[in-house]
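What follows is one structure encoded as structure tokens, with my remarks underneath.
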There are 2 protein chains.
Amino acid sequence: MKFPSRISIRLGVNSYDILLGSGHLARLGQEIKRLQLGTHAVILTNPTIQRASGLTRQAAASIRRAGFEVKSMTIPDTERSKSFTMLGTVLSRLASWDGPGRKLFLVLIGGGVVGDLGGVAAGIYRRGIPFVQVPTTLLAQVDSSIGGKTGIDLPHGKNLVGLFVQPRLVFIDLEFLKTLPDRQFRSGLAEVVKCAVIRDAALFRFLEATPLSALRSSTNRLGWVISRAILVKRWAVEQDEKETRSIRTLLNFGHTFGHALEAATRYGTAYTHGEAVSVGMKVAADIALRLNKIGDSELEKIQGLLRHAGLPQTVRGVKEADLLKAMAQDKKWSIGRNRWVLPTGIGRAIVQTGVPDRIVRLSIRSVLER
Amino acid sequence: MKFPSRISIRLGVNSYDILLGSGHLARLGQEIKRLQLGTHAVILTNPTIQRASGLTRQAAASIRRAGFEVKSMTIPDTERSKSFTMLGTVLSRLASWDGPGRKLFLVLIGGGVVGDLGGVAAGIYRRGIPFVQVPTTLLAQVDSSIGGKTGIDLPHGKNLVGLFVQPRLVFIDLEFLKTLPDRQFRSGLAEVVKCAVIRDAALFRFLEATPLSALRSSTNRLGWVISRAILVKRWAVEQDEKETRSIRTLLNFGHTFGHALEAATRYGTAYTHGEAVSVGMKVAADIALRLNKIGDSELEKIQGLLRHAGLPQTVRGVKEADLLKAMAQDKKWSIGRNRWVLPTGIGRAIVQTGVPDRIVRLSIRSVLER
């Protein structure tokens, strides 16, 4: 079971490579050197990653060995860090280390918070400086570090401020996953399942056939699964870099309801993003069944895989009205003229607008526990 | 003497038109409608413009007549407004007016401050919303509103945060110039002279032959002069949108020294941007003479036109050491391996690196009054 060590994202002048491996952080500095990203590296990471392993030190050492000056800064590992204030702090730190003859670039070692906030900072400091994503969670490795979506939150909503800006390199080291808590691993797996359902039946079958413990413990299996999810993401991003067509929208399978669930539970600890997306996939699959896009056996297959991955398919203590309200507030998915990503089989999906409210309600009720 | 009413900037998917006219604000709403920019317009302007004429009201009325909801907000007309804090205020205002079914766009009615800050806000709100530039100063009409450079300042330096993001429309109304103070008009003229020297000998000759009062008082003359300067800017921007080649750098003629003078005088009222650029053009032309890029007669022609435009060619009360220090701090133009835009004739210029320090010093001394 081999997996590719390099996956290229072709986006014209914004093209870049994703390097995939295990225990290969010693190569990071040379890869950065080859790309001529600048002279001074600023590593942005979080205290958890910095403490949990020697990996950030290895990364920093590799970059230093390649001849770069390196400075590190950490931001707390919580969604609250994705704030306008924190963005200002990061930009100021960049500015105070900058100077004549220096060319700064950012190395973002962390999960979605570090990647999203750091991407915004890199995108607007001096009208854009290069940045490298070193995603440390499964979610970031298969999803958020790839494709150029960056964002911070405002009190009015999540990811309201940001830009599309592609990294110059995504460097994935599977070693980071060893210290990842189980719940976070499963949460990342939800995005993998998503990719399998919308586009990759072979990945779907492999996930079905592989016990979770066998997946986590094998670098080769893990690398293969991650590479397949990345290839699905690449397929969407290459055709639709800025989500102006509906191709990239397919990646939102499970997210219509998922975002609403996160909002209705105030982005608390009740549901991680991946768990919310998991329930959302069940809702969307249920809608697809009611609209005859898929049959019972396919719904059962999807539900079976979610169960197999240890992911939830029901919610407790959330009111239907709150979910509907949150969906109506969501600009992309407002319920009047709603837009859903629906599976039409295993490995196939479509974007469907105008699903009748009645059907939406029935499918939502199907996941609400009393 | 006719001038084009529409100049197209061709930048692939980022292409847009510049509309040029006098007293044509009534058309603004229809043009915005044709471009399908959104549903709700947010006008960003400054109190001076809002008070000085009925023009912002005309603009708002035209947009309303075309069927859009309109909200206005003003920011103080000073460089201090180009702050991270003010950016946060604008973004929050956008977010609080936003909602399901709404598609916001920005209309920036003002000079460089409104255009630069508003451009950043439009570029990063919801990963980019459309915006229209309605430049109200000569400087903004011929220079800052075109080409997609946006920016705000940090305590560490000017324009340290921003991005390249093109407007969807630039709408120029010459009426705005009627209330423009004389000093500001001449300051804008400095950028016009710059364009003439680097690329447009016919514009240079016309400016030489036209008294300032005759220029200001004639819509046709003014429109023609502005259109010629825009065509020079277009020529550079179309070939080099993000200043990655040295073509766009040519627009920095006069700015090497100009930026240093502004920094050395702490961006105070002693020298406007255009005045600083004017002295900077004298310095650059002086260097060009010493390097035999131009002859005495061409230096005299350039100096003659600056004099004719009522623009300064010398500075008082500034120390040579402070200017050299400011230039050394300027990342683009650091004096070790410096980079200068030098005229090689009237209507021609080159980017020259590594001008000997001795020559730089001599040319700087040539503008220092005791």
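Things worth noting here:
- Cα gyration tensor shape of the stretch A:48-125, rounded if a/c is under 1.5, else prolate or oblate by comparing a/b with b/c: oblate
- Each label was represented as a point 7 Å from its Cα along the Cα-to-Cβ direction; for A:Q329 and B:K103 these points are 2.4 nm apart.
- Karplus 3J(HN,Hα) series, Hz, for the stretch B:358-369 with 6.51 cos²θ - 1.76 cosθ + 1.60 (x for Gly, Pro): 4, 5, 4, 4, 4, 5, 5, 4, 5, 10, 8, 7
- Degrees, to the nearest 10: B:273-290 long Cα axis against longest axis of chain B: 30
- Packing rank of B:145-154, A:339-348, where each peptide gets the mean count of other beta carbons within 10 Å, highest leading: B:145-154, A:339-348
- Beta bridges per DSSP with both ends in chain A, % antiparallel, nearest 5: 35
- Per-copy distances of the B:S53 label point, shortest first, in nm (7 angstrom along Cα→Cβ): 6.2
- Degrees, to the nearest 10: B:55-65 long Cα axis against longest axis of chain B: 40
- The stretch A:338-366 versus the stretch A:236-293: alpha-carbon centroid distance in Å: 10
- Inter-chain Cβ neighbour count for A:152-163, averaged per residue, equals 5 (cutoff 10 Å, partner chain atoms only).
- From phi via Karplus (6.51, -1.76, 1.60), per-residue ³J(HN,Hα) for the stretch A:343-357 in Hz, x at Gly/Pro: x, 10, x, 8, x, 9, 8, 9, 9, 10, 9, x, 5, x, 3
- On Cα atoms only, tilt of B:112-124 relative to the major axis of chain B in degrees: 60
- Between the stretch A:122-199 and the stretch A:33-47, the Cα center-to-center distance that results, in Å: 17
- At full extension, B:E369 and B:S217 could sit 51.4 nm farther apart than now, given 0.36 nm per residue minus the alpha carbon distance.
- Beta-bridge orientation, the stretch A:1-154: approximately 20 percent antiparallel, per DSSP, counting only bridges with both partners inside.
- Amide H within-cut-off set for B:G345, under 5 Å, with H built and near neighbours excluded: none
- Here is how far apart the B:R6 label points are across copies: 4.7 nm, shortest first, using a point 7 Å from Cα toward Cβ.
- Accessible-area value, B:Y16, 1.4 Å probe, nucleic acids and ligands omitted, Å²: 10
- Across the protein chains, with a 1.4 Å probe defining accessible surface, the residues A:V13, B:V120 rank A:V13, B:V120 from largest area downward.
- Its alpha carbons considered, the protein assembly as shown gives a radius of gyration followed by a Dmax of 28.3, 90 Å.
- What a 1.4 Å probe finds exposed on the stretch A:6-180 is 49% carbon and sulfur by accessible area, rounded to a whole percent.
- The simple spin-label model puts a point 7 Å past each Cα toward its Cβ; for A:N14 and B:F164 those points are separated by 1.3 nm.
- Entries in A:K82/A:K325; B:K242/B:K282; A:K149/B:K242; A:K149/A:K242; A:K194/A:K233; A:K71/A:K103 that, when Cα-Cα distance is taken, lie over 18 Å: A:K82/A:K325; B:K242/B:K282; A:K149/B:K242
- Between A:R27 and A:R57, the C-beta separation translates, for a Förster distance of 22 Å, into a calculated FRET efficiency of about 0.90.
- For chain A, the square roots of the Cα gyration tensor eigenvalues, ordered a ≥ b ≥ c, give a/c of at least 1.5 with a/b greater than b/c, which places it in the prolate category.
- Modelled FRET efficiency - R0 25 Å, A:H156 with A:K319, Cβ distances, 0.05 increments: 0.65
- Accessible-area value, A:D330, 1.4 Å probe, nucleic acids and ligands omitted, Å²: 40
- Between B:F171 and B:L19, B:Q133, B:V134, the built amide H atoms are under 5 Å apart, and every one of these is 5 or more places off in sequence or on another chain.
- In terms of overall dimensions, the stretch B:6-180 has a Cα radius of gyration and Dmax of 14.6, 44 angstrom.
- Farthest toward positive dipole pole in the stretch A:245-295 [+1 Lys/Arg, -1 Asp/Glu at C-beta], among A:L289, A:S246, A:T256: A:S246
- The eigenvalues of the Cα gyration tensor, multiplied by 5 and square-rooted, give the stretch A:196-365 an equivalent ellipsoid with semi-axes of 25, 19, 16 Å from largest to smallest.
- Label-point distances for B:T219 to the equivalent site in the other copies, using a point 7 angstrom along Cα→C-beta, read 7.5 nm when ranked shortest first.
- Chain A - charge dipole about Cα centre, Lys and Arg +1 at Cβ, Asp and Glu -1, debye rounded to 20: 440
- Largest-first ordering by accessible area, 1.4 Å probe, given options A:T210, A:T39: A:T39, A:T210
- Take the Cβ atoms of B:L291 and A:L231, set R0 to 56 Å, and the FRET efficiency comes out at 0.50.
- Compactness of the stretch A:170-225 was expressed as the Cα radius of gyration divided by 2.2 N^0.38 Å, which yields 1.10.
- Summed buried accessible area for B+A [probe radius 1.4 Å, Å², rounded to 100]: 2700
- Ligands, DNA and RNA are left out, and with a 1.4 angstrom probe the accessible area of chain B is 39 Å² per residue.
The values are calculated or read from the model by the stated rules, or taken from the named source; none is laboratory data. Predicted model only: the values in this text are computed from it and were never measured. Counting neighbours? That spans all protein chains shown, and the Cβs are built from the backbone with ideal geometry, glycine included. The protein model used for the area step is the full one, side chains on, heavy atoms only, and it has no ligands, DNA or RNA in it. Shrake-Rupley method; radii C 1.70, N 1.55, O 1.52, S 1.80 Å.
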